[in-house]
Amino acid sequence: MKLVFAGTPEVAVPALDALLASGRHEVAAVVTRPDAPAGRGRRLVASPVAQRAEEAGIEVLKPVKPRDEDFLARLREIAPDCCPVVAYGALLPKVALDIPSRGWVNLHFSLLPAWRGAAPVQHSLMAGDQVTGASTFLIEEGLDSGPVYGVVTEDVRPTDTSGDLLTRLAFAGAGLLAATMDGIEDGNLQAVPQPVEGITLAPKIQVEDAHVDFAAPALRVDRVVRGCTPAPGAWTVFRGERLKLIQVTPLPDRIDLAPGELAVGKNNVYAGTGSYAVELLWVQPQGKKPMKAADWARGVRIAAGERLGV
């Protein structure tokens with residue numbers, strides 16, 4: 001088939017690579033979000049997908065909005081059979097959805113209908129799911145509600161961050177998306193409507209969602225930290241300034257600390273929660289680089305009874 005691939009961040013690159021390597025289909029163009037400011041100089045930088053497409057000599061389309069007439073006209077000229085999508089980042093209007101003869105097929109990082117929305121991996125971790133995965137489905141006008149072509153599952157490991165899990169799903173999902181394109185071309189793969197039961201939503205994680213409540217149980221604290229790492233970053237407050245929490249580990253045997261109360265050992269830092277303590281392993285003070293929690297504690301000289309979240 002002739003394909004136009006739509007995607008933007010680094011997590012979409014493995015899928016583009018898989019389609020380029022398959023040899024069965026022609027990736028005629030790539031659709032991605034416009035260049036965005038990045039780095040200290042805030043200079044405009046092309047998306048990871050745009051950079052990979054340019055390396056491969058593929059035409060890159062960067063509409064401000066996918067309903068822009070110039071973009072739609074060019075898409076009609078290319079006349080793709082199918083448009084595979086991975087984390088494109090913009091809502092596709094019906095006028096665009098109707099152009100490819102076999103539609104737009106999205107790779108979504110959850111086992112649909114669970115975790116429809118922008119942040120499925122983060123919400124899956126924060127909810128304590130033990131198994132997640134990726135799904136390919138035919139895009140329709142509803143939110144991630146279209147019929148599903150295929151799924152791949154992935155176990156959630158005890159120390160997974162959203163970054164860890166998303167990286168594994170990006171590569172597993174790349175193979176699934178390529179196989180889905182093959183099945184659509186062969187005519188032996190039919191999309192199956194999603195169940196009406198088990199629908200959960202995964203809206204974008206806001207900064208306030210990443211605020212760690214130390215009155216919550218230790219497992220909840222751990223899940224929020226892992227789910228919000230690397231972005232947007234879990235955080236609390238210490239001495240009136242924001243402190244990012246990068247890695248913690250629950251300690252079921254330590255129950256002597258009140259919620260948020262800190263205790264410092266020779267090379268360890270502990271914080272109480274609503275159940276048992278967690279050990280702080282890596283933190284990032286405001287305006288500084290990530291550091292081991294023990295090094296941070298030595299620098300700030302934590303006094304007896306001081307708490308996080310105050």
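Some points to look at:
- Pairs, first within 17 Å of residue 310 (Cα to Cα) and part of a loop (DSSP other than H, G, I, E, B) in the stretch 255-276, second β-branched (Val, Ile, Thr) and open to solvent by less than 20 Å² (accessible area, probe 1.4 Å), C-beta under 6 Å, six or more apart: 273/221
- Per the listing 116, 76, the residue uniquely open to solvent by 20 Å² or more (accessible area, probe 1.4 Å), free of Cβ contacts under 8 Å to residues at least 40 places away in the same chain and among the basic types (Lys, Arg) is 76.
- Residue count, the stretch 161-191 (criterion: without any contact (Cβ under 8 Å) to a residue 60 or more places away in the chain and open to solvent by 30 Å² or more (accessible area, probe 1.4 Å)): 10
- Residues satisfying the stated conditions in the stretch 150-164, i.e. closer than 20 Å to residue 281 by Cα and of a type outside the set (Gly, Ala, Ser): 157, 158, 159, 160, 161, 164
- Sole exception among (1) in a loop (DSSP other than H, G, I, E, B); (2) under 27 Å from residue 83 (Cβ atoms); (3) open to solvent by less than 50 Å² (accessible area, probe 1.4 Å) for residue 214, by number: (2)
Residue-by-condition table, conditions (1) in contact with a Pro (Cβ under 8 Å, 6 or more places away or on another chain); (2) assigned to a strand (DSSP E or B):
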residue: 100; (1), (2): yes, no
residue: 112; (1), (2): no, no
residue: 118; (1), (2): yes, no
residue: 121; (1), (2): no, no
residue: 137; (1), (2): yes, yes
residue: 145; (1), (2): yes, no
residue: 170; (1), (2): yes, no
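- Residue in the stretch 38-48 that is farther than 28 Å from residue 231 by Cα and either assigned to a loop (DSSP other than H, G, I, E, B) or touching a helix residue (DSSP H, G or I) at 6+ places or on another chain (Cβ under 9 Å) (or both) present: no
The values are calculated or read from the model by the stated rules, or taken from the named source; none is laboratory data. Quick caveat: nothing in here was measured; it's all calculated off a predicted structure. As a convention, Cβ positions derive from the backbone with ideal geometry for all residues, glycine included, and neighbour counts pool all protein chains shown. Just the protein is used for accessible areas: all its heavy atoms, side chains included, with ligands, DNA and RNA removed. Shrake-Rupley method; radii C 1.70, N 1.55, O 1.52, S 1.80 Å.
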